[in-house]
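Colleague: Here it is: the structure, laid out below.
Read-outs: derived from the displayed coordinates by stated rules, not from any lab. These numbers come from a predicted model, not from an experiment. All Cβ positions, even for glycine, are placed from backbone atoms using ideal geometry, and neighbour counts span all protein chains on display.
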Amino acid sequence: MVVTFAQSAFGGTACPTDHPKATCYSGGGSASIAGVGHVTLDRIAVTGDGPDPGNGCDYAETTGTLTADDGGSATLSGSGKLCGADATYSLELVGRSGSLAHLHATGTILNNNGAETWDIATLTR
């Protein structure tokens with residue numbers, strides 16, 4: 001299942017203190033996920049201070065929160081690479097609460113110059 005986050009936007013931001021040599025980006029968007037409903041996304045990507053994945057790309061990690069309209073939430077995490085304006089991360093939803101308490105998803109986050117889509121491989125509710 002592919003989910004596209006409408007009006008997604010990402011920009012430079014201050015990095016967490018445990019990543020003083022990294023470059024960081026934050027942003028978010030909104031989407032409707034079949035069987036889940038409307039959600040908003042808020043996440044940060046940390047890049048440039050991890051292992052070199054090669055091909056002129058930088059290792060990157062991402063964390064964030066997916067929030068349902070009723071306040072239920074799920075924490076996401078992933079790792080991957082940033083190549084210029086394009087990023088690819090693994091995706092796993094962990095730490096869930098409220099209406100998203102039983103949600104579990106894995107897949108891939110694709111971000112092309114700020115336009116975010118998720119290719120969800122597994123989704124259980």
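Colleague: Calculated FRET efficiency, His102 and Ala14, Cβ-Cβ r, R0 41 Å, to nearest 0.05?
Modeller: After rounding to 0.05, the efficiency reads 0.75.
Colleague: Here's a follow-up. How big is the gap, in Å, between the Cα center of segment 73-87 and the Cα center of segment 1-21?
Modeller: So the two Cα centres are separated by 8 Å.
Colleague: Please give the residues of segment 54-94, grouped as numeric ranges, whose backbone N is less than 14 Å from a label point set 7 Å along the Cα-to-Cβ vector of Thr122.
Modeller: 91-94
Colleague: Restricting to Cα pairs below 8 Å that are 6+ residues apart, what does the relative contact order work out to for the chain? Please round to a whole percent.
Modeller: Contact order relative to length: 20 percent.
Colleague: So between His38 and Cys83, what do we pick up on full extension, going 0.36 nm a residue minus the alpha carbon distance? Please list the in-between numbers first.
Modeller: Details: separation 45, 0.36 × 45 = 16.20 nm, distance 2.98 nm.
Difference between extended and current length: 13.2 nm.
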